[in-house]
Ligand code: CO
């Protein structure tokens with residue numbers, strides 16, 4: 001069921017500063033322009049590191065899902081990991097049958113890459129929020 005690691009998402013308090021750190025200090029060659037995703041409550045920059053991507057997420061708007069995370073982690077931190085799956089509905093049904101909690105209403109939403117995604121409760125996966133994306 002579980003495919004490759006699609007991305008690791010980092011919540012950051014200052015997207016411009018985080019972008020500069022990845023591009024200039026770490027020397028990442030492929031860094032996107034910032035993109036506003038109001039339906040997800042984030043501004044995002046994608047850093048392509050070849051075998052996976054790093055997503056830098058900054059809160060956008062008052063209902064941003066990462067605002068509370070940044071309150072607890074003011075300097076930023078790892079927010080979630082995203083794994084690819086071939087069939088997101090089959091993956092969801094398998095996970096629910098196994099007792100894992102799917103966040104929200106259990107129906108996939110369109111993620112930052114325009115593909116269906118689901119999130120799994122971090123308490124079921126060792127303190128890490130898990131995103132599944134149908135690749
Ligand atoms: Co993500």
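What follows draws every value from the coordinates through simple rules; no lab data is involved. Keep in mind the model is a prediction, meaning the values are calculated, not measured. Every residue, glycine among them, receives a Cβ derived from its backbone with ideal geometry; neighbour counts consider all protein chains shown.
With r as the distance between the Cβ atoms of residue 39 and residue 90 and R0 = 35 Å, compute the FRET efficiency 1/(1 + (r/R0)^6) and round to 0.05.
After rounding, the FRET efficiency stands at 0.85.
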**Request:** Could you tell me the distance between the Cα centroids of the stretch 1-69 and the stretch 83-135, to the nearest Å?
**Result:** 19 Å
**Asked** How do 84, 33 line up, fewest other C-beta atoms within 10 Å first?
**Response** 33, 84
**Residue among 86, 124, 24 with the largest mean-square fluctuation in a Gaussian network model of the chain, springs linking Cα atoms under 10 Å** = 24
**Asked** Quick one: length gained pulling residue 62 to residue 2 fully straight, 0.36 nm per residue minus the C-alpha distance?
**Response** 18.3 nm
**Asked** Taking a ≥ b ≥ c as the square roots of the eigenvalues of the Cα gyration tensor of the chain, is the shape rounded (a/c under 1.5), prolate (a/b larger than b/c) or oblate?
**Response** prolate
